[in-house]
Amino acid sequence: MSFRGEAAIIGIGELPTQRTYLGKSMPGLLGDAARLAIHDAHINVGDVDGIITEGGITYPAFVAEYLGLSVRFATGSSMMGASGATGVALASMAVMNGLANYVLVVIAQDRNPALGGGGEGFPGHAGEFDFPYGPAAGANNGYGQIYQRHMELYGTTQEQLAHVAANQRFNALENPNAVFKGQPITHQDVLDSRYVNYPLRLLEVVMPCGGAAAVIVTSAERAAASLNKPAYVLGGGTGLDDFGALQKPEITVSPVARSAPIALNMSGYSPRDMQFAQFYDCYTILESMCLEDAGLVPKGEIGPFFESTDTTYKGEFPINTDGGQLSAGQPGLAGGFRHVVEAARQIMGRAGPRQIERNDLGMVNG
Amino acid sequence: MTAEYKKAVPKPTLNPEISAPFWAGTKKHELWIQYDKRANRFFYPPAEIGPGSLTPIEDLVWTKVSGKGRIHSYTSIYQPAMPAFAEEAPYVHALIELDEGTRMVGNIVDMTDDEVRNNTLEINQRVEAVFVDITPEWTIVKWRRIDD
């Protein structure tokens, strides 16, 4: 497939070029240019469901949050001077393939001496509006709040979610690549581990590690000639949080509520057809809400699900058969990618002692 | 008090000009946030663009608000990201939903150690802003429980 007129620019926005933009920051300028282009295109802000920024300085997810855009596709285009043009190409691919309908490509430079002059860095709000209140490190803080609210709304208990960590540790015991291989823990060990920030206990929080992951993707035609059993990609979808915790309507709903329906619809299968799942698991609560939002478990019922379901590789619905990030470790941004690798490994039938029997159809959330 | 305060003070790095009215308000022990005239809603933290509407700055109006709201959710910090906070742990870091409709983050003051450790704070608990002068320069917003 090539572009060949199948994608087009329908609106433009430009701010005057000046030596500096006193009083303005990068996100402010991005917003001004975005408003102009959206107006010019005769669409509404709510129609924009994709965003592409220069990803190195202006993180697309942060820009989307700052502008209050409800996007399901966001990516960077870090190609120096060609970032904008490349962004248009990426946007064309996105709209031609159903990842988004209207992609905003937007790039700015403030040259505001009060902000460092060159617009380097994009520090966000945390240093000004959160750090003075002593948050827990990184994402721990927000997921503690999400956990607390899930408990309040659905009666979820810490005893129930401790099964997530315990079952995955069982799975990791037989994974030679897992940081916690051969180190068993019990359900009670999880409940006895100390609080990092209530309700999150130490064994419900991921361990930062080093590592790497990779796959080779090829066409179905070439895959058919492979010596390996291929793991075919049947569908895919993307999602991003609408807003940060200060404005999103419900903090216990994850972006999987948006990405999973797209992927399932593309695949022609329903959640009921899935035989296993490899799901992003920086915290027990995050994995839990994502499993709900994917439709694998009804919303609010994840607690009883983990109480009554064996999710180890020996169980009726295996989840994170390599231990997941919670027990295999989180090698930075490769952490989520590992879920893809393990799903392919299971489908190819190459998971060794932890090989699952029903391995035709699985769902991955990275 | 100045020399002793070792915990994080606000660092307005994103755009100090834009957030200045917020901090000028806290200094007077008043809560001022921006009202988006086109979207008819309050929002926080301060921005140059109305989130969700892209309303330009001319139509974002600084407004004094009630300073009352309720607990949307919270987490109790046993292991703070910054060591300077460790002596106070555990303490509560909460999401507050203002009566005017947007959310803020902050600590809950006047809670005993037992109250924090036993997780007695309830979702939807009514709270109001209290203003804490942490240095001669900076006043931050915390929250205390109220009856209604």
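Yes or no: segment A:73-84 includes at least one residue that is within 12 Å of another protein chain (Cβ to nearest Cβ), of a type in the set (F, W, Y) and surrounded by 15 or more Cβ atoms within 10 Å (Cβ to Cβ). Among the residues of segment A:73-84, not one is within 12 Å of another protein chain (Cβ to nearest Cβ), of a type in the set (F, W, Y) and surrounded by 15 or more Cβ atoms within 10 Å (Cβ to Cβ), which makes the answer no.
Considering only residues that are buried (at least 18 other Cβ atoms within 10 Å of the Cβ) and outside any strand (DSSP E or B), look in segment B:29-45 and name the one that is nearest to the other protein chains (Cβ to nearest Cβ). Here the answer is B:P45. The helices (runs of 4 or more DSSP H) found entirely in segment A:146-248 that carry 3 or more residues being among the polar types (S, T, N, Q) and either more than 14 Å from every other protein chain (Cβ to nearest Cβ) or in contact (Cβ under 8 Å) with a residue 12 or more places away in the chain (or both) are A:158-172. Could you run through segment A:132-145 and say how many residues are out of contact with any helix residue (DSSP H, G or I) (no Cβ under 9 Å at 6 or more places or on another chain) and part of a loop (DSSP other than H, G, I, E, B)? The number of residues fulfilling the criteria is 2. Put simply, of A:V256, A:V364, A:V341 the only residue that is over 15 Å from A:A165 (Cα atoms), in contact (Cβ under 8 Å) with a residue 12 or more places away in the chain and in contact with a Cys (Cβ under 8 Å, 6 or more places away or on another chain) is A:V256.
Each row is one residue, and each column tells you yes or no for (1) closer than 24 Å to A:L202 by Cα; (2) surrounded by fewer than 20 Cβ atoms within 10 Å (Cβ to Cβ); (3) touching a His at 6+ places or on another chain (Cβ under 9 Å).
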position	(1), (2), (3)
A:G300	yes, yes, yes
A:P304	yes, yes, no
A:P318	yes, no, no
A:T321	yes, no, no
A:A334	yes, yes, no
A:G352	no, yes, no
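If you check A:A223, A:A165, A:A172 for being surrounded by fewer than 22 Cβ atoms within 10 Å (Cβ to Cβ) and outside the structural domain of A:T86 (by TED's automatic domain parsing), only one passes: A:A223.
Applying the selection to segment A:128-145, what residues are at negative phi and at the interface with another protein chain (Cβ under 7 Å from one of its Cβ atoms)? Result: A:E128, A:F129, A:D130, A:F131, A:P132, A:Y133, A:P135, A:A136, A:A137, A:N141, A:G144, A:Q145. Only residues in segment B:128-141 that are farther than 23 Å from B:R70 by Cα and within 9 Å of chain A (Cβ to nearest Cβ) count as the first member; pair them with residues that are in a strand (DSSP E or B) and among the hydrophobic types (A, V, I, L, M, F, W, C), Cβ under 8 angstrom, at least 6 apart or cross-chain, and list the lot. What qualifies is B:I134/B:I140. Any chance segment A:277-292 includes a residue that's out of contact with any Phe, Trp or Tyr (no Cβ under 6 Å at 6 or more places or on another chain) and closer than 18 Å to A:K229 by Cβ? Yes - at least one qualifying residue is present in segment A:277-292. Based on this model, can you work out whether A:T238 counts as more than 23 Å from the chain's Cα centre (by Cα) and not hydrophobic (A, V, I, L, M, F, W, C)? Spelling it out, it is not the case that A:T238 is more than 23 Å from the chain's Cα centre (by Cα) and not hydrophobic (A, V, I, L, M, F, W, C).
Among the residues examined, A:L264 qualifies as of a type outside the set (S, T, N, Q), crowded, with 17+ Cβ neighbours inside 10 Å and closer than 21 Å to A:G362 by Cβ. Name the single residue, out of those in segment A:44-72 being of a type in the set (V, I, T) and at pLDDT below 90, that is surrounded by the most Cβ atoms within 10 Å (Cβ to Cβ). Once the filter is applied, the top-ranked residue is A:T58. Here B:V61, B:V109, B:V92, B:V116 are screened, and the one residue that is modelled with pLDDT of 95 or more and assigned by TED's automatic domain parsing to the domain that holds B:R38 is B:V61. Determine if segment A:241-248 includes at least one residue that is more than 19 Å from A:D49 (Cβ to Cβ) and out of contact with any strand residue (DSSP E or B) (no Cβ under 9 Å at 6 or more places or on another chain). No. The set of residues in segment B:49-107 being within 16 Å of A:D130 (Cβ to Cβ), more than 7 Å from chain A (Cβ to nearest Cβ) and small (G, A, S) consists of B:A84, B:A94. For segment A:256-366, the helices (runs of 4 or more DSSP H) that sit wholly inside it and include 3 or more residues that are more than 21 Å from A:L173 (Cα to Cα) are A:256-267, A:284-293, A:302-308. For B:T26, the criteria (1) in a strand (DSSP E or B); (2) within 16 Å of the chain's Cα centre (by Cα); (3) of a type in the set (V, I, T) hold in every case but one, which is (1).
Scanning for something of a type in the set (G, A, S) and more than 15 Å from the chain's Cα centre (by Cα), does segment A:253-261 turn up at least one residue? No, segment A:253-261 contains no residue that is of a type in the set (G, A, S) and more than 15 Å from the chain's Cα centre (by Cα).
The values are calculated or read from the model by the stated rules, or taken from the named source; none is laboratory data. All figures in this text were calculated on a predicted structure; none of them were measured in a lab. All Cβ positions, even for glycine, are placed from backbone atoms using ideal geometry, and neighbour counts span all protein chains on display.
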